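Reviewing the structure listed below.
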Amino acid sequence: MKRAEGKLLHRPLCLGNWKMNKSPQEARAFCQELKSLLEEAQTSHAASAAIGASDKTAKSSATQPLAQMVLLPPALTLWAVAESLQGTEIAYGGQNCHFEISGAFTGENSPKVLQEVGAQYCLVGHSERRKLFHETNDLCAQKLKALIELGLTPILCVGESLEERQSGRTEALVLEQLREGLKLAKGDGRFKTPGTQGSATPQGQAVPGGGFPLIVAYEPVWAIGTGQVATVEQVGEVHQLLRQELDQLLGSELSQNIPLVYGGSVKPENGAELLAIPAVDGFLIGGASLDAKSFFALAQLGF
Ligand code: 13P
């Protein structure tokens, strides 16, 4: 994957973090609606491509380009999502996992089980986990390493609180979260672009949508669930900083395969502006990912 104008030459990513929302039944209904929206969009795109094709100058594709969609449901809902998304291009993953494969860790979820259910991604160090469940950078580093060893793509979340921003500590904080999160995986030979062969649905089919060694999500804590989106300048600045640090830490060859996504009150209304920022390769969406129409509208942006 090469970079152009600060962006990855990959379709944008649309990651939906459902947090502690949606039962298996609700998730099935969501996936059904999302699949219908996808089908409708493909049908109408194919119809307009056919009209375009009769015009000799038109060069249209029969498939509408969309962002790579990834759903991140709560653990108990994951299996229902896995089954519902069978045979689609939509990938899925976990919101959290332990760093050990198995053992006496009551209440925890094994990354190996995530893999077995066909997950290709897992969030690491979401600000809610850092703040409410006291997750440290050290713990994040262990989880990130465990995921990489299994060939899953960690989505490492970084971001500052309002107080940290106001006291001018944003830069130092996000860089520390990035460096510390990567410290155990960096230099590991397995930390490279993984193939998709390691992932399979419960029915054993390969799942599309993987292939990143890592995703980094910048989520300013003060923008999460508040309706207050970071400005284009604020997002641009931090993303550029993260990109430079990734280049330095991992080398540009590996870094250029690592998407940087923004999260914090992303909605269909503000998505286009955010996606236009250089070095923004997609979104990590909370509230707006709970509604299939909003989530799908965001996946259609950027094309
Ligand atoms: P909102 O989109 O609801 O602000 O949540 C962002 C988030 O925390 C995604 O991980």
Please determine whether any residue of segment 255-263 is surrounded by fewer than 23 Cβ atoms within 10 Å (Cβ to Cβ) and out of contact with any strand residue (DSSP E or B) (no Cβ under 7 Å at 6 or more places or on another chain).
yes
Just give me the residues in segment 126-142 being within 16 Å of the ligand (Cβ to nearest atom), more than 15 Å from LEU15 (Cα to Cα) and not acidic (Asp, Glu), in sequence order.
SER127, ARG129, ARG130, LYS131, LEU132, PHE133, CYS140
Select, from CYS157, CYS122, the only residue that is closer than 17 Å to VAL221 by Cβ and within 16 Å of the ligand (Cβ to nearest atom).
CYS157
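To keep it simple, each residue is scored yes or no on (1) more than 15 Å from the ligand (Cβ to nearest atom); (2) in contact with a Pro (Cβ under 9 Å, 6 or more places away or on another chain).
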{"position": "GLN240", "(1), (2)": "yes, yes"}
{"position": "ASN257", "(1), (2)": "yes, yes"}
{"position": "LEU260", "(1), (2)": "no, no"}
{"position": "VAL266", "(1), (2)": "no, no"}
{"position": "ASN270", "(1), (2)": "no, no"}
{"position": "ALA276", "(1), (2)": "yes, no"}
{"position": "LEU284", "(1), (2)": "no, no"}
{"position": "LYS293", "(1), (2)": "yes, yes"}
Hey, GLY225 hits all of (1) small (Gly, Ala, Ser); (2) touching a residue at least 12 places away in the same chain (Cβ under 8 Å); (3) closer than 29 Å to ALA185 by Cα but one; which does it fall short on?
(3)
Restricting attention to segment 137-152, which residues are part of a helix (DSSP H, G or I), of a type outside the set (A, V, I, L, M, F, W, C) and either touching a Pro at 6+ places or on another chain (Cβ under 9 Å) or under 22 Å from GLU116 (Cβ atoms) (or both)?
GLN142, LYS143, LYS145, GLU149
Please state which of the following conditions ILE155 fails to meet, knowing it meets all the rest: (1) crowded, with 22+ Cβ neighbours inside 10 Å; (2) in a loop (DSSP other than H, G, I, E, B).
(2)
Which ones in segment 1-49 are exposed (fewer than 12 other Cβ atoms within 10 Å of the Cβ), modelled with pLDDT under 95 and either aliphatic (A, V, I, L, M) or within 16 Å of the ligand (Cβ to nearest atom) (or both)?
ALA4, LEU9, ALA47
So SER294, is it among the hydroxyl-bearing types (Ser, Thr, Tyr), assigned to a loop (DSSP other than H, G, I, E, B) and closer than 30 Å to SER36 by Cβ
no
Hey, VAL124 on the phi < 0 side of the Ramachandran plot, in contact with a Lys or Arg (Cβ under 6 Å, 6 or more places away or on another chain) and buried (at least 24 other Cβ atoms within 10 Å of the Cβ) or not:
yes
Picking from VAL117, VAL81, VAL113, which residue would you name as being of a type outside the set (Ser, Thr, Tyr) and free of Cβ contacts under 8 Å to residues at least 12 places away in the same chain?
VAL113
Scanning segment 129-152 residue by residue, the ones that are within 16 Å of ASN17 (Cβ to Cβ), surrounded by fewer than 17 Cβ atoms within 10 Å (Cβ to Cβ) and without any contact (Cβ under 8 Å) to a residue 12 or more places away in the chain total 2
Cβ-Cβ under 7 Å pairs, at least 6 apart or on other chains, segment 174-202 side part of a loop (DSSP other than H, G, I, E, B), far side buried (at least 18 other Cβ atoms within 10 Å of the Cβ) and modelled with pLDDT under 75:
PRO194/GLY210; THR196/VAL207; THR196/GLY210; SER199/VAL207; SER199/GLY210; THR201/VAL207
Requiring at least 1 residues that are among the aromatic types (Phe, Trp, Tyr) and modelled with pLDDT of 95 or more, the strands (runs of 3 or more DSSP E) wholly within segment 57-135 are 91-94, 121-124
Sole miss for GLN228 among (1) farther than 27 Å from GLU39 by Cβ; (2) within 15 Å of the ligand (Cβ to nearest atom); (3) in contact with a strand residue (DSSP E or B) (Cβ under 8 Å, 6 or more places away or on another chain) is condition (3)
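The values are calculated or read from the model by the stated rules, or taken from the named source; none is laboratory data. All values derive from a computational prediction rather than experimental measurement. Quick reminder, even Gly has a Cβ in these numbers, built from the backbone with ideal geometry, and neighbours come from all protein chains shown.
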